[in-house]
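The values are calculated or read from the model by the stated rules, or taken from the named source; none is laboratory data. This structure is a prediction, so every number in the text was calculated from the model and none was measured. Positions of Cβ are generated from backbone atoms using ideal geometry, with glycine treated the same way; all protein chains shown enter the neighbour counts. Quick note on the areas: whole protein, heavy atoms, side chains included, nothing else; ligands and nucleic acids left out. Shrake-Rupley method; radii C 1.70, N 1.55, O 1.52, S 1.80 Å.
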Amino acid sequence: MSVAADSGPTWVEAWTPSEGSKRATALLRETFGAEQPSSWHAPGRVTVIGEHTDYSEGLALPTVTPHAIYVAASPRDDRRVRVVSDQGDTLDGPGAIWEGTLDDEPREVEGWPQYVIGLLWAMQERGYDGPGMDLAYASCLPARAGLGSSASILAATALAANDLWRLALDGDDGHAELADACLHAENLAVGTLCGALDPHTILRCDHEHALLLDFAQHPTGAQPYPMYFRDYGLGLLVIDTGVPRGDVQQLFRTRRTEVAAAAQALGSRTLREVADAPLAARRVEGISDPVLRRRARHVTAEIDRVRLVVDELSGTGPAHERFVAIGKAIYRSHASLELDYEASDPTLDYAVDAAFKAGALGARVSGAGYGGAIVALVRKAQARLAAQHVAQAFSDAGRETPRFLWV
């Protein structure tokens, strides 16, 4: 991973697509001697607003990072799968290299290769098939930072399989099918009961847009919205705290159970139905169980915040007023994730507070939470100064120095 450091904050720089492709291709040739491999890449995901709404059939507004995972691959004439990663020695698993077959049971594979073989397993479960392959992964996307890196591995593998197996799952409809295969792999092969936010963002969004994702639609609805932030000198500053993420699998299992119980308590199938009905907030406050009430309050209010941000992004009022309103919604999102959904931690809360003091218009947990990164809406001209203030605040508090990414 390319990390640029000066006398101030440490920035994680994005590779150009050409550079990333060259790195992955060189790794494949050096490791497995592959000739004339092809390459693909999958970016990371940053959620502007709409966290933990996907598995309640809610709404979300994410975009993608310039940082990506690159994969180079070549087909084989048997069913073997050989995999190498430039980060393999730093990730949970067997090290940098793994070898297996398309017939391996994903749950019996340890660590990061489980995502690769899990995706190929999911594709076969959905009726697709092809030969084995050699794959090499190179990444400038930080792992375990709440930026969708695990989904990016799945998505990059899906793009490779689509081409090498000649599946012709192209265009938005084809990529929606690949995204569902990625979710299938993460839920059933890996065992993480996350929602569909990450794969549908990574495979269906481009750098010029955010996506309004509607998880009540099947396949998931995806409406592009221009990233107006950039037109007004704003952008997203990602602050990777470096704090190891907690048990995210347990978080998803527990929250899925709780939001389903909250919806049932209100006589609805999902909390999206509650959010769309009149007097949603009043109904939620009538839930007798305090834990279920808090979980429902986050999901229904977060769906409303997504709608507010989309309206402000496409509005015609004074830009300053619109972006201040968006920033406030982002801060309210974090407070909801912290207090009602209990998906934050003290370091993430500290980072949000530091970003606020550094002049961010809004800041919130990125991804599932329980460690990792936050994302802050800041003015581009002040991004480096804001990063310096945040880095200094962490240093003054004796905390590990964070890293920064610009989106």
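Given the conditions (1) at pLDDT 95 or above; (2) in contact with a strand residue (DSSP E or B) (Cβ under 6 Å, 6 or more places away or on another chain); (3) crowded, with 21+ Cβ neighbours inside 10 Å, which single one is not true for TYR331?
Tallying (1) at pLDDT 95 or above; (2) in contact with a strand residue (DSSP E or B) (Cβ under 6 Å, 6 or more places away or on another chain); (3) crowded, with 21+ Cβ neighbours inside 10 Å, TYR331 fails exactly one: (3).
Kindly indicate the residue of the range 192-208 that is without any contact (Cβ under 8 Å) to a residue 60 or more places away in the chain and either basic (Lys, Arg) or not in a loop (DSSP other than H, G, I, E, B) (or both) and also surrounded by the most Cβ atoms within 10 Å (Cβ to Cβ) among those meeting that condition.
Residue satisfying both the conditions and the ranking: PRO199.
Of everything in the range 10-60, what is of a type in the set (Ser, Thr, Tyr) and in contact with a strand residue (DSSP E or B) (Cβ under 8 Å, 6 or more places away or on another chain)? Give them in sequence order.
THR10, SER21, THR25, THR31, SER38, SER39, THR47, THR53
Among the residues of the range 65-76, is there at least one that is more than 15 Å from the chain's Cα centre (by Cα) and open to solvent by 40 Å² or more (accessible area, probe 1.4 Å)?
Yes, the conditions are met somewhere in the range 65-76.
When you scan the range 222-258, how many residues do you find that are of a type in the set (D, E, K, R) and in a strand (DSSP E or B)?
1
What are the residues in the range 155-190 that are open to solvent by 10 Å² or more (accessible area, probe 1.4 Å) and farther than 28 Å from ASP78 by Cα, if any?
GLY171, ASP172, ASP173
Within the range 114-139, can you find the residues that are surrounded by fewer than 24 Cβ atoms within 10 Å (Cβ to Cβ) and either farther than 15 Å from CYS182 by Cβ or in contact with a strand residue (DSSP E or B) (Cβ under 6 Å, 6 or more places away or on another chain) (or both)?
Within the range 114-139, GLY127, ASP129, GLY130, PRO131, GLY132, ASP134 meet the criteria.
Search the range 393-403 for residues being within 24 Å of VAL46 (Cβ to Cβ) and either charged (D, E, K, R) or out of contact with any Lys or Arg (no Cβ under 9 Å at 6 or more places or on another chain) (or both), and hand back the single one that is surrounded by the fewest Cβ atoms within 10 Å (Cβ to Cβ).
Filtering first and then ranking leaves GLU400.
Quick one: which of ALA136, ALA145, ALA168 is without any contact (Cβ under 8 Å) to a residue 12 or more places away in the chain and not in a helix (DSSP H, G or I)?
Answer to the selection: ALA168.
Considering each residue of the range 10-37, count those that are modelled with pLDDT under 95, closer than 20 Å to ASP163 by Cβ and either among the small types (Gly, Ala, Ser) or open to solvent by less than 10 Å² (accessible area, probe 1.4 Å) (or both), and give that number.
Qualifying residue count for the region: 1.
Within the range 36-50, is even one residue closer than 30 Å to ALA296 by Cβ and among the charged types (D, E, K, R)?
yes
Name the pairs whose Cβ atoms lie under 7 Å apart, with the first residue in the range 360-380 and touching a residue at least 40 places away in the same chain (Cβ under 8 Å) and assigned to a loop (DSSP other than H, G, I, E, B), the second among the hydroxyl-bearing types (Ser, Thr, Tyr) and open to solvent by 10 Å² or more (accessible area, probe 1.4 Å), and 6 or more positions between them or separate chains?
GLY369/SER344
Being of a type in the set (A, V, I, L, M), assigned to a helix (DSSP H, G or I) and either under 26 Å from GLU186 (Cα atoms) or in contact with a helix residue (DSSP H, G or I) (Cβ under 6 Å, 6 or more places away or on another chain) (or both) is the filter here; which residues of the range 266-297 pass it?
Those that are of a type in the set (A, V, I, L, M), assigned to a helix (DSSP H, G or I) and either under 26 Å from GLU186 (Cα atoms) or in contact with a helix residue (DSSP H, G or I) (Cβ under 6 Å, 6 or more places away or on another chain) (or both): LEU271, VAL274, ALA275, ALA280, VAL284, LEU292, ALA296.
Go through the range 209-248 and report how many residues are in contact with a strand residue (DSSP E or B) (Cβ under 8 Å, 6 or more places away or on another chain) and free of Cβ contacts under 8 Å to residues at least 12 places away in the same chain.
Matching residues across the range 209-248 total 1.
Between residues in the range 320-336 that are farther than 15 Å from GLY369 by Cβ and residues that are open to solvent by less than 20 Å² (accessible area, probe 1.4 Å) and at pLDDT below 95, which pairs lie under 8 Å by C-beta distance while being six or more apart or on different chains?
ARG322/LEU313; PHE323/PHE229; ILE326/LEU313
Among the residues of the range 334-359, how many are outside any helix (DSSP H, G or I), of a type in the set (A, V, I, L, M, F, W, C) and either out of contact with any strand residue (DSSP E or B) (no Cβ under 7 Å at 6 or more places or on another chain) or open to solvent by 70 Å² or more (accessible area, probe 1.4 Å) (or both)?
Summing the residues that are outside any helix (DSSP H, G or I), of a type in the set (A, V, I, L, M, F, W, C) and either out of contact with any strand residue (DSSP E or B) (no Cβ under 7 Å at 6 or more places or on another chain) or open to solvent by 70 Å² or more (accessible area, probe 1.4 Å) (or both) in the range 334-359 gives 1.
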